[in-house]
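Asker: My structure is below; once you've seen it, I'll send some questions.
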Amino acid sequence: MKSGLHPSYGKTTITCACGNVVETRSTKKNIKVEICANCHPFFTGKQKLVDTGGRVERFKRRFKASAGR
């Protein structure tokens with residue numbers, strides 16, 4: 001490999017909002033995520049509402065308005 005061409009690939013930590021910390025290697029340092037495998041509903045079997053910017057309420061209003069037709 002040519003020197004100076006590729007980014008540095010070193011140890012980093014990935015921190016989830018639930019508090020889970022994973023140490024791995026990446027080109028970025030200290031990555032923060034909102035959902036990981038320990039708290040994602042698919043892996044845990046528990047349903048948790050993840051709403052970003054009121055999308056669920058907006059969908060319910062639109063569905064309710066179109067259901068009356």
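The values are calculated or read from the model by the stated rules, or taken from the named source; none is laboratory data. The shown structure was predicted, so the numbers you read here are calculated from the model rather than taken from an experiment. With ideal geometry, Cβ positions are generated from the backbone for all residues, glycine too; neighbour counts draw on all protein chains shown.
Asker: Would you point out the residue of region 4-19, among those that are part of a strand (DSSP E or B) and of a type in the set (A, V, I, L, M, F, W, C), that is surrounded by the fewest Cβ atoms within 10 Å (Cβ to Cβ)?
Answerer: Going through the qualifying residues, I end up with Ile14.
Asker: So Ser26 clears everything in (1) at pLDDT 85 or above; (2) within 13 Å of the chain's Cα centre (by Cα) except one condition, right? Which one?
Answerer: (2)
Asker: In addition: Considering each of Phe63, Phe59, Phe43 in turn, give the residue that is at pLDDT below 70, aromatic (Phe, Trp, Tyr) and out of contact with any strand residue (DSSP E or B) (no Cβ under 8 Å at 6 or more places or on another chain).
Answerer: Exactly one of Phe63, Phe59, Phe43 is at pLDDT below 70, aromatic (Phe, Trp, Tyr) and out of contact with any strand residue (DSSP E or B) (no Cβ under 8 Å at 6 or more places or on another chain), namely Phe43.
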